[in-house]
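Encoded as structure tokens, the structure appears first; notes follow it.
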Amino acid sequence: MFAAHDWPERGTGMMPSVQAHVVRSYGSVRAFEDAHIADELMLPITAIKRDTPNVWLTSFYGFAPEKWGFLGFADETRRQGFLRQTQPGVLVVIYGSGDAPKDELYNVIGIQQCSHQIGSAEQFMHPLAWDVKRVDPDQADRWNYAVRTTRAWRVTPESRMNVRKFAPEATRTGAWQHIGSRGVQLSKAEAENILKLDLQEVDVYGENPILGSSAGSATEILAPSKPGPVSQRSFVTRESEGPKHLYILRLKGDTDAFLGKLANGQIIVKAGFSKSPQTRCDDHNRTIPECAFRWEVLHSGPKYDMKAYPTSEHAKHGERVMQQILSSRPRGRSLGGEFFLAEPTLIQDAWEQGNQSAKEYTK
């Protein structure tokens, strides 16, 4: 831990200084504990291989953990029932139902790993997704009792399985009716069907971002992490916990041409948080071909010599405010996820108010 954070003490000087370093880097000992909650979660492969698997099945109208970073229940009774019957690190297999796209309907489309941290749906939702949910009469009062998701994997379209084939016992007559409301625990044989899938790890709202991810077999993707301060897997690297900066990236180039219509002076931006905003910018540029469009850092903590916020929770609070402001019509609107089209003055407002919110955040 000292090496990962570049704390200078070694040997006998480490223990007396650790608490001061933790408070300075994370804001509090409690924040440090929350930041390392993933260390207490059951490994995915362990959850699958246990004699009584820590694996459940439920249905969603789609799979968007980058917007919905939780597993939702209709009431506290159902939520507490799930918590009593599972252990932290439980895997929840998702299949498409209801209004899911036709090619996802009744197919296994994703897997998410849940902690036992509870809260409201709004607490673990992208602000724009929450705005949609709260005004939709079909969603406003549903799934508001949340259990936090910490990791998620999308099933590749080529390897999706029909849910009846994937989980014949869980979907038998009688059990089927309970899947959507409270979920059903999978048998050992059903849980091991996960290992027949190809997966790609994806971002979860409120969690540290995935820096690089490719599809691979579930056996490889869900393999235990190598030891070290940053979670390392065969196909993915997740940014480590610790101090974070807010940032706003700008897409340079002909915005009218990019949108296919007049932008009227508005520009395309991405708002988020990272340990290294410039690295995030470089990552985005590596994903586009060599062309007339490039991302650049418009605003960031390091650009203005600002001190990093002590935890992801501080930065996430500021990010949420930035994203809410950037979606304020008619001066701005969402282009999906963390991307927005907005007037320069609105972007400046978002940057200033986002940082103010992050500074004022308290646990």
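The values are calculated or read from the model by the stated rules, or taken from the named source; none is laboratory data. Just so it is clear, the model here is predicted, and its values are computed rather than measured. Every residue, glycine among them, receives a Cβ derived from its backbone with ideal geometry; neighbour counts consider all protein chains shown.
General observations
- With a requirement of 3 or more residues that are within 24 Å of His126 (Cβ to Cβ), touching a strand residue (DSSP E or B) at 6+ places or on another chain (Cβ under 8 Å) and free of Cβ contacts under 8 Å to residues at least 60 places away in the same chain, the strands (runs of 3 or more DSSP E) lying completely within the range 54-110 that satisfy it span 90-96.
- Flag for Val155 being within 24 Å of Thr77 (Cα to Cα), in the same structural domain as Thr219 (by TED's automatic domain parsing), surrounded by 13 or more Cβ atoms within 10 Å (Cβ to Cβ) and within 20 Å of the chain's Cα centre (by Cα): no
- Qualifying residue in the range 129-139 (condition: free of Cβ contacts under 8 Å to residues at least 12 places away in the same chain and under 16 Å from the mean Cα position of the chain (by Cα)): yes
- Residue identified as at pLDDT 70 or above and under 22 Å from the mean Cα position of the chain (by Cα) among Gln185, Gln232, Gln200: Gln200
- Here Asp254 passes the criteria (1) under 17 Å from Leu341 (Cα atoms); (2) among the acidic types (Asp, Glu); (3) surrounded by 14 or more Cβ atoms within 10 Å (Cβ to Cβ) except the one numbered (3).
- As a summary of the residue check, Ile179 satisfies the conditions (1) of a type outside the set (Gly, Ala, Ser); (2) touching a helix residue (DSSP H, G or I) at 6+ places or on another chain (Cβ under 8 Å); (3) not in a strand (DSSP E or B) except for the one numbered (2).
- Residue list for the range 315-342, filter: touching a helix residue (DSSP H, G or I) at 6+ places or on another chain (Cβ under 8 Å) and of a type in the set (Gly, Ala, Ser): Ala315, Gly318, Ser327, Ser328, Gly332, Ser334, Ala342
- Condition check for Lys307: in a loop (DSSP other than H, G, I, E, B) and not hydrophobic (A, V, I, L, M, F, W, C): yes
- Among the residues of the range 43-84, those that are more than 20 Å from the chain's Cα centre (by Cα) and within 18 Å of Asp138 (Cα to Cα) comprise Ala74, Asp75.
- The residue pairs whose first member lies in the range 261-272 and is not assigned by TED's automatic domain parsing to the domain that holds His284, whose second member is outside any strand (DSSP E or B) and surrounded by 20 or more Cβ atoms within 10 Å (Cβ to Cβ), and whose beta carbons are closer than 7 Å, counting only pairs six or more residues apart or on different chains, do not exist in this structure.
- Among the residues of the range 305-336, those identified as farther than 14 Å from Ser357 by Cα and either without any contact (Cβ under 8 Å) to a residue 40 or more places away in the chain or surrounded by fewer than 18 Cβ atoms within 10 Å (Cβ to Cβ) (or both) are Asp305, Met306, Lys307, Ser328, Arg329, Pro330, Arg331, Arg333, Leu335, Gly336.
- Residues that are among the β-branched types (Val, Ile, Thr) and outside any helix (DSSP H, G or I), drawn from the range 311-363: Thr311, Thr362
- Once the range 265-304 is narrowed to residues that are more than 18 Å from the chain's Cα centre (by Cα), assigned to a loop (DSSP other than H, G, I, E, B) and of a type outside the set (S, T, N, Q), the residue that is surrounded by the most Cβ atoms within 10 Å (Cβ to Cβ) is Gly301.
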